[in-house]
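J.: To start, I am sharing the structure in question, which I have written as structure tokens.
Each reported figure results from applying straightforward, stated rules to the coordinates on display, with no laboratory input. Since we're looking at a predicted model, the values are computed, not measured. Virtual Cβ from ideal backbone geometry, glycine too; neighbours counted across all protein chains shown.
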Amino acid sequence: MKRDLCTILDLTAQEVQSLIARARQMKRDWTTGTLGPSLAGRVLGLIFVKPSTRTRVSFEAAMYRLGGHCITMTERDTQIGRKESMADTARVLSRYVDGIMIRTYRHEDVEELARFATIPVINGLTDLFHPCQVLSDLLTIEEHRGSLDGLHVAWIGDGNNVANSWINASIRLGFTLHLACPPGYEPDAGTLARSRSVGRGKVVLTTDPFEAVAAADILYTDVWASMGQESEEAARKTVFASYQISTRLLEAAPPHARVMHCLPAHRGDEITDDVMDGPRSIVFDQAENRMHLQMALMEWMMSPLAFESALAQA
């Protein structure tokens, strides 16, 4: 059966936990030089409508370390930029490569690609969701905290694609998510409504960052103006001025709380230097873990027997 990742809700709770467990195995094996080439001979097509640093390098490095190869494509050097449909792109690439990762604006494009492709499709980011980021963040949290049980995450800032994926993760795993967003900058209404109808996780929306962090294990933020919102940047700085993770906000959280940011950071805006570079920051651990989680994800999609065998032997 073909496996796609358009949103975290495409995964069961057990699949999320298995991906994290396999990523931890792979990280250990990579560190000790014993990582096997479980994707030898496989080819991953990377489509970038939106540019990237971490997504591109982490996927390319992950594929290389597992013995596979990547073909990186942009709008400039493919027919996507000339308005070839995602359906036709999916049909053609399915005959060339073993999997597709796409980073784009419209979430509907990822869904169309997955619908018509006969190979796995991974959402590397859309304006609506960023599932790979949050899956790797869960890996990082488990490493530092020891478990995801009883987790309490505080999101501070814009209700963007990463925030939407955190809501989906709460739906799937059942942890508490406190979202502190200015009025008018809340997460996607449909995603919030789904969290309330499912009722497994606890998703709380507030306008007060100090309320959000009071019992949090993790303080999480992102840029105030995402890609494509550059014209709003000046106005957003005013709106979000009180939504900064600073020493003052961090001191309002429990002493064990840690700070995360999906990067790139606008230092001095959504996060201060002393917090991002401080002892309670795990920002660069989470950046590294993009590669390890994506290794597990690609193996689960493109070499499921190797994935299951490795987990069974652990």
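J.: Enumerate the calculated ³J(HN,Hα) couplings along segment 269-286 in order (Karplus 6.51 cos²θ - 1.76 cosθ + 1.60, θ = phi - 60°), each rounded to whole Hz, writing x wherever the residue is Gly or Pro.
T.: Computed from phi, the couplings for segment 269-286 are 9, 6, 8, 8, 4, 5, 7, 5, 9, x, x, 9, 8, 10, 4, 7, 5, 5 Hz.
J.: If contacts are Cα pairs under 8 angstrom and at least 6 residues apart, what is the relative contact order of the chain in percent?
T.: Across the chain, relative contact order equals 20 percent.
J.: From Cα pairs below 8 angstrom and at least 6 apart in sequence, can you work out the relative contact order of segment 133-286, rounded to a whole percent?
T.: Dividing the mean separation by the residue count of segment 133-286 yields 23 percent.
J.: So between Tyr105 and Trp30, what do we pick up on full extension, going 0.36 nm a residue minus the alpha carbon distance?
T.: The Tyr105-Trp30 span can extend by a further 23.7 nm.
J.: Under a crude label model (7 Å from the Cα following the beta-carbon direction), how far is Tyr64 from Thr238 in nanometres?
T.: A separation of 4.6 nm, rounded to one decimal place.
J.: Also: Want the number for Arg95 to Glu15: 0.36 nm per residue separation, take away the alpha-carbon distance, what's left?
T.: Full extension of this stretch gives 26.1 nm more.
J.: Now for a separate question. Quick one: compute the contact order of segment 77-166, relative version, from alpha carbon pairs under 8 angstrom and 6+ residues apart, as a percent.
T.: This gives 24 percent for segment 77-166.
J.: Given 0.36 nm per residue, what is the gain on full extension from Arg248 to Ser147 after removing their alpha carbon distance, in nm?
T.: On the way: separation 101, 0.36 × 101 = 36.36 nm, distance 2.72 nm.
Gain on stretching Arg248 to Ser147: 33.6 nm.
J.: Once the Cβ-Cβ distance between Arg267 and Thr206 is put in as r, and R0 is 25 Å, what FRET efficiency do you end up with, to the nearest 0.05? Walk me through the numbers on the way to the answer.
T.: On the way: r = 25 Å, r/R0 = 1.01.
That gives a FRET efficiency of 0.50.
J.: Report, by chain and number, residues whose modeled amide H sits under 5 Å from the one on Val259, excluding near sequence neighbours (fewer than 5 apart, same chain).
T.: Counting only residues 5 or more places away or on other chains, the set is Leu219, Ser281, Ile282.
J.: Give the total of Lys-Lys pairs in the chain with Cα-Cα distances below 30 Å; include a pair only if its members are 8 or more places apart or on different chains.
T.: The result is 7.
J.: Out of [x] 31, 23, 18; [y] 71, 18, 16; [z] 28, 21, 21, which label holds the value of semi-axes √(5λ) of the Cα gyration tensor in Å that was computed here?
T.: For semi-axes √(5λ) of the Cα gyration tensor in Å, the calculated option is [x].
J.: Moving on. Would you calculate, for the chain, the mean residue ellipticity at 222 nm contributed by helices, counting each DSSP H stretch of 4 or more residues as -39,500 (n - 2.57) and dividing by all residues, to the nearest 500?
T.: Calculated from helices alone, the mean residue ellipticity at 222 nm is -13500 deg cm²/dmol.
J.: Here is a follow-up. Quick check for me: using +1 on Lys/Arg Cβ and -1 on Asp/Glu Cβ, what's the dipole size of segment 133-286 about its Cα centre, in debye to the nearest 20?
T.: Dipole about the Cα centre, nearest 20: 540 debye.
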